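Let me begin by handing over the structure; questions about it come next.
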Amino acid sequence: FWVWLQGALKEPTATFATDKKYSYTAFALLTIFSAISFFCTIFHIKHAYYGHMATIDSKALQQFPSLNLFSIFSILVATSLFFFSILMGGFVVKRFVDQDSDWTLEKAFQEYSRLFAIPILLTGIASFFALFNGLRFAILLCLISIGLTLLANLYVISKPSKDSQVDPFYRLLLAFLVNGGILFLFFLAELALIFDYLRILAFL
């Protein structure tokens, strides 16, 4: 996998027929690192900032959700839904807007996993800093990672298929609408899972 990751870092847009387990491993690592970063961030914020507030008002922490096994599961599911929504949005655009019959879910995994090589490294470093309460640097790395992830998605959906018969402008417009609609639907599900925890982050 390390050899595969090095190749993806050097040539993220290259297309190679590689073992699909590398693509799945890349998505799993990206999801786990992002979930760890998010959970550790809200954990440290709640126990530091709100711990200080609790010395003033003992009821300060009662209005916020507890961090337990269920919260870990919710964050992990929401994180996986975020990355899967990007993959699904790109798949739908390439398969149905571009009418590219060669574009399968497996190919989408391979294409996106190479583009996500840099975010994997960034979220890995971010999870390490978040674990040891280096929150500001961890959040900065995560924001950069999210930006690169969205940029990778933009790269995939904006690249027209060779067989596309639609005018490039309308094809791009339709691709944005379809992709945006899918991302929005998944975003609602993600928000429902982690909304209470986002309230904690609001006071960073």
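If you place +1 on the Cβ of every Lys and Arg, -1 on the Cβ of every Asp and Glu, and leave all else neutral, what size is the dipole of segment 96-141 about its Cα centre, to the nearest 20 Debye?
It comes to approximately 440 debye.
Nearest 10 degrees is fine. How inclined is helix 117-131 to the longest principal axis of the chain, computing both from alpha carbons?
Approximately 10 degrees, to the nearest ten.
Here's a follow-up. Checking the cross-link filter: which lysines have an alpha carbon closer than 25 Å to that of K46, excluding same-chain neighbours under 8 positions apart?
Result set, ordered by chain and number: K59.
Something else about it: Test of understanding: given the chain, find the longest segment containing no trypsin sites (Lys or Arg not before Pro) that are in a DSSP loop and have at most 14 other Cβ atoms within 10 Å.
60-161
Sort V97, V3 by accessible area with a 1.4 Å probe, largest first.
Reading off the accessible areas and sorting them downward yields V3, V97.
Which percent of Cα-Cα pairs in segment 88-204 sits in each 5 Å bin, short to long?
Going from the shortest bin to the longest, the percentages are 2, 11, 16, 18, 18, 14, 10, 7, 4, 1, 0.
Which ³J(HN,Hα) values, rounded to whole Hz and listed in residue order, are derived for segment 134-150 from phi using the Karplus coefficients 6.51, -1.76 and 1.60 in 6.51 cos²θ - 1.76 cosθ + 1.60 with θ = phi - 60°, glycine and proline given as x?
x, 5, 5, 5, 5, 5, 4, 5, 5, 5, 5, 4, 5, x, 5, 5, 5
Run the helix sum for the chain: -39,500 (n - 2.57) per DSSP H stretch of 4+ residues, divided by residue count, reported at 222 nm to the nearest 500 deg cm²/dmol.
After summing the helix terms and dividing by residue count, I get -26000 deg cm²/dmol.
Once you put a point 7 Å from the Cα of F137 and another 7 Å from the Cα of D196, both along the Cβ direction, what distance in nm separates them?
Inter-label distance under the simple model: 3.3 nm.
Can you give the FRET efficiency for F70 and Q165, using 1/(1 + (r/R0)^6), R0 = 41 Å, r = Cβ-Cβ distance, to the nearest 0.05?
Calculated value: 0.25.
Apply the Karplus parameterisation 6.51 cos²θ - 1.76 cosθ + 1.60, with θ equal to phi minus 60°, to every residue of segment 178-195 and state each ³J(HN,Hα) to the nearest whole Hz, in sequence, with x for glycine and proline.
5, 5, x, x, 5, 4, 5, 5, 5, 4, 4, 5, 5, 5, 5, 7, 10, 4
Just flag the chymotrypsin sites (Phe, Trp or Tyr not before Pro) in segment 99-204 sitting in loop per DSSP whose Cβ has no more than 15 other Cβ atoms within 10 Å.
The qualifying sites are F132, F203.
Which pairs break 22 Å Cα to Cα here: K21/K162; K20/K94; K107/K159?
In this structure, K21/K162 exceed 22 Å between Cα atoms.
The values are calculated or read from the model by the stated rules, or taken from the named source; none is laboratory data. No experiment lies behind these values; they were computed from the predicted model shown. Here Cβ is always computed from backbone atoms with ideal geometry, including for glycine, and neighbour counts include all displayed protein chains. Side chains included, ligands, DNA and RNA excluded: accessible areas come from the protein's heavy atoms. Shrake-Rupley method; radii C 1.70, N 1.55, O 1.52, S 1.80 Å.
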